[in-house]
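Undergrad: One structure, pasted below without further comment.
Every number here is computed from the coordinates shown, using simple stated rules; none is lab data. Everything quoted here is computed from the prediction, not taken from an experiment. Cβ placement follows ideal geometry from the backbone for every residue including glycine, while neighbour counts extend to all protein chains displayed.
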Amino acid sequence: MNAEDIRARLLYRDAMMLVIDKPAGLAVHAGNRSDHHLGQYLDALSFGLPNPPELAHRLDRDTSGCLVLGRHRQALRRLGALFSHGRIEKVYWAVTLGDPPAESGVIDRPLAKVGPAWSWKVKIDDTGQPSVTEWRCLGRAPGLAWIECRPKSGRTHQLRVHLASIGCPILGDRTYGRSAEGEEQRPLHLHARSVTIPLYPNKPPVTATAPVPAHLRAALTACGWSGETAPTDQAVATS
């Protein structure tokens, strides 16, 4: 990974914000597990502005797909308000183990972070933060399901814990998933497929869509994905 690789993953750009297709395995900021992170490449996304963009939200290290960056302080304030008020629509695709209990549903279960700083996890806890995920099954294969998630809150590890709670842990999830042969090598099958942002009051919302990464393709194809866009997908935004 280098600066040119990051520039090549640009999905949307205007004067206020950028949307990039974050690769799985790249942390968005420095942490305990690695000193390799997105922050090392943000200068390459300045595109003529005096300062590099900054994160408007976060994705887990092992989650791929749409990541929104604000290009200056005013943009970050506006994006922060939209995220905090739930006005930005995020669509995720996951391949899960197990059979979903229905064709669609809503998971409304509070989440709390537990454990010491160096080994914390997230669990369902009545005293935790309110957390809501809408989901629907887009396809199935023996032992697998292709699930679209629309989180209505933005808690850490929300989709991973919520899907595991209905008996459908995400394929490759070594923290909240199942122990199985080969799982320690399998990447997390969770992808931030699209994001829709009503940033400009007098313009249509901006929608960006991230292509399906290579590590999800085989499992999605087994579940019925044909390589075409799903019915709910929208065109990639450009500017």
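Undergrad: Just P53, P211, P101 to compare: in a GNM of the chain, with alpha carbon springs under 10 Å, which one fluctuates most?
TA: For the chain, modelled as a Gaussian network with Cα springs under 10 Å, the answer is P101.
Undergrad: In degrees from 0 to 90, rounded to the nearest 10, what is the angle of the helix 73-84 Cα long axis to the longest principal axis of the chain?
TA: 20
Undergrad: Looking at the chain, how many pairs of lysines come closer than 20 Å at the Cα, when each pair is eight or more places apart or spans two chains? Please report the intermediate quantities before stating the final value.
TA: Values: K22/K90; K90/K152; K90/K203; K113/K121; K113/K123; K113/K152; K123/K152.
Count of close lysine pairs: 7.
Undergrad: Enumerate the amide H contacts of H57 below 5 Å, restricted to partners 5 or more residues apart or on another chain; note that Pro and chain-start residues carry no placed amide H.
TA: V68
Undergrad: Let me ask another. Looking at the chain as a GNM with Cα springs under 10 Å, which of P23, P50, P205 has the largest mean-square fluctuation?
TA: Ranking P23, P50, P205 by mean-square fluctuation puts P50 first.
Undergrad: As a footprinting exposure proxy, order R58, R9 by other Cβ within 10 Å, with the fewest listed first.
TA: Values: R58 16, R9 19.
Least crowded to most crowded, the residues run R58, R9.
Undergrad: Viscosity 1.567 mPa s, temperature 4 °C: what is the translational diffusion coefficient of segment 3-222 from Stokes-Einstein with a Kirkwood Rh over Cα pairs, rounded to a whole number of µm²/s? Before the final figure, lay out the partial values.
TA: Numbers: Rh = 18.2 Å.
After rounding, the answer is 71 µm²/s.
Undergrad: Further question on the same structure: Let me check against my output: what whole-number percent is the relative contact order of segment 3-222, with C-alpha pairs under 8 Å and at least 6 apart? Intermediate values should be presented prior to the final figure.
TA: On the way: 459 pairs, mean separation 43.2, N = 220.
RCO, segment 3-222: 20 percent.
Undergrad: Hull surface divided by four, with the convex hull built on the Cα atoms of segment 43-155: how many nm²?
TA: Values: hull surface 39.0 nm².
Directional mean of the projected Cα hull area for segment 43-155 stands at 9.7 nm².
Undergrad: OK, next. Once phi is turned into θ = phi - 60°, what whole-Hz ³J(HN,Hα) does the Karplus curve with 6.51, -1.76 and 1.60 give for every residue of segment 114-131, x standing for Gly and Pro?
TA: Residue by residue, segment 114-131 yields 10, x, x, 4, 8, 8, 6, 9, 10, 9, 6, 8, 4, 8, x, 7, x, 8 Hz.
Undergrad: Hey, in the GNM for the chain with a 10 angstrom Cα cutoff, which one of V106, V212, V114 fluctuates hardest?
TA: Greatest mean-square fluctuation among the candidates belongs to V114.
Undergrad: Moving on to the next point. Which whole-Hz couplings ³J(HN,Hα) result when phi for each residue of segment 92-104 is put into the Karplus expression 6.51 cos²θ - 1.76 cosθ + 1.60, θ = phi - 60°, listed in order with x for Gly and Pro?
TA: Coupling constants for segment 92-104: 10, 10, 9, 9, 10, 8, x, 9, x, x, 7, 7, 6 Hz.
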